[in-house]
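Colleague: The following block contains the structure, expressed as structure tokens.
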Amino acid sequence: MQLRVLVVDDSTLMRRLIRDILSADPAIEVQAEAPDGPTAIRLIHELHPDVVTLDVEMPGMSGLDVLGYVMSEVPTPVIVLTGRQDADLAMRALALGAVDFMRKPSGTISVDLYKVRDELVEKVKLAPLANLRQAHLLEGLAAPVQQPKQLNAESGDAPSWAVVIGASTGGPPALTRLLSAIPAGLPAGLLVVQHMPAGFTRSLAQRLNDQSALHVTEAEDGTPFRPGWAYIAPGGHHLVVQAAGAEGATVRLDDSPPLGTLRPAVDVTMKAAAALFGRHTLGVLLTGMGQDGTSGFRTIREAGGRTIAQDRQTSLIYGMPRAAADQGLVDQVLPLDAIPPAIARVVTEEN
């Protein structure tokens with residue numbers, strides 16, 4: 001049975017390009033097109049599409065307004081398309097419940113949309129797997145709330161543990177919930193790999209920093225790896241940690257080739273952390289498509305470290321956690337809200 005898709009974009013040209021790309025796949029039927037928000041909402045009610053592709057820059061009712069209405073009234077998997085290099089807009093769309101987002105390659109009107117053809121088709125095909133109930137539960141995290149930083153997060157001591165957190169689809173709101181519940185006094189440094197394009201991870205780090213007692217920053221090459229800090233892998237770079245003599249450890253950016261199609265890749269970061277911290281490495285896999293992190297979990301387990309995966313019920317996409325669990329590589333499968341205290345227990349009780 002074909003996936004039924006509603007294409008929403010105020011540009012006639014862009015609607016045609018999106019329709020042509022999707023219709024070329026025999027598994028997809030473009031059910032209808034909408035040039036504006038009110039028409040999109042009416043068609044969603046009438047046609048009940050399986051997936052909506054949604055432009056965010058539309059006159060009158062914006063794409064974010066449409067998204068907020070859809071997720072509250074007629075929850076439907078939505079892939080947000082944007083021509084702007086606006087990371088905050090993407091974060092707001094994800095927080096409102098979008099399954100995923102992607103950039104048009106050349107701005108609002110992208111005649112070269114074919115460059116992202118495979119990515120668009122893949123996202124549309126996988127969107128119906130999303131747990132929309134979970135997306136709705138995370139909507140309240142759209143607005144950052146400043147969290148005070150605790151003094152002990154400034155410790156210059158080397159962390160005794162490395163915690164590596166990997167996420168993909170649905171990751172930004174899940175990371176917000178997780179990091180906001182982790183105490184700053186943790187004797188661990190955190191390495192966070194969220195599959196996201198270059199140019200978007202700095203805004204993600206800023207939003208996470210606003211909602212966490214940890215110091216959250218986009219990783220920069222050569223900075224010290226410190227307890228109470230979370231380092232976000234920049235889009236387009238692998239993130240690793242290396243020994244730095246008497247200084248402890250250093251965060252490094254690695255420009256080696258993508259792992260499959262991924263850079264940053266969770267596996268790369270987990271393997272580097274396990275090589276340096278051994279049994280004091282904790283791997284955490286959150287919501288996301290694919291299998292990234294499974295190989296990293298295996299390396300962490302072989303080094304004597306620990307692993308935690310988010311459960312199906314609280315994952316937007318139960319892909320990455322499931323892949324590792326199916327291989328028998330997960331010590332604990334937990335709901336999202338149970339993961340922060342589990343992290344604290346592991347790195348304090350086994351310090």
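The values are calculated or read from the model by the stated rules, or taken from the named source; none is laboratory data. This is a predicted model, so every value here is computed, not measured. In this analysis, Cβ positions are derived from the backbone assuming ideal geometry, glycine residues included, and neighbour counts consider all displayed protein chains.
Colleague: Among the candidates Ala95, Ala24, single out the residue that is among the small types (Gly, Ala, Ser) and either without any contact (Cβ under 8 Å) to a residue 40 or more places away in the chain or surrounded by fewer than 20 Cβ atoms within 10 Å (Cβ to Cβ) (or both).
Modeller: Of the residues listed, the single one that is among the small types (Gly, Ala, Ser) and either without any contact (Cβ under 8 Å) to a residue 40 or more places away in the chain or surrounded by fewer than 20 Cβ atoms within 10 Å (Cβ to Cβ) (or both) is Ala24.
Colleague: Taking segment 213-266 only, how many residues are in contact (Cβ under 8 Å) with a residue 40 or more places away in the chain, farther than 12 Å from Gly189 by Cα and not small (Gly, Ala, Ser)?
Modeller: 5
Colleague: Separate question: Return yes when Gly37 is within 25 Å of Ala205 (Cβ to Cβ), outside the structural domain of Pro172 (by TED's automatic domain parsing) and either surrounded by 14 or more Cβ atoms within 10 Å (Cβ to Cβ) or in contact with a Lys or Arg (Cβ under 7 Å, 6 or more places away or on another chain) (or both) and no when it is not.
Modeller: Judged against the criteria, Gly37 is not a match.
Colleague: Something else now. Within segment 315-340, track down each residue that is in a helix (DSSP H, G or I) and touching a residue at least 24 places away in the same chain (Cβ under 8 Å).
Modeller: Result: Met320, Pro321, Ala323, Ala324, Leu336, Asp337, Ile339, Pro340.
Colleague: Hey, another quick one. Do we have Arg306 as of a type outside the set (Gly, Ala, Ser) and closer than 11 Å to Gly283 by Cα here?
Modeller: Considered against the rule, which asks whether it is of a type outside the set (Gly, Ala, Ser) and closer than 11 Å to Gly283 by Cα, Arg306 comes out as yes.
Colleague: Right, something else. State the number of residues belonging to segment 39-81 that are in contact with a Pro (Cβ under 7 Å, 6 or more places away or on another chain) and either aromatic (Phe, Trp, Tyr) or without any contact (Cβ under 8 Å) to a residue 40 or more places away in the chain (or both).
Modeller: 1
Colleague: Being hydrophobic (A, V, I, L, M, F, W, C), more than 25 Å from the chain's Cα centre (by Cα) and crowded, with 16+ Cβ neighbours inside 10 Å is true for just one of Leu54, Leu43, Leu47. Which residue is that?
Modeller: Leu43
Colleague: Return the total of residues in segment 47-71 being part of a helix (DSSP H, G or I), out of contact with any Leu (no Cβ under 9 Å at 6 or more places or on another chain) and not acidic (Asp, Glu).
Modeller: 1
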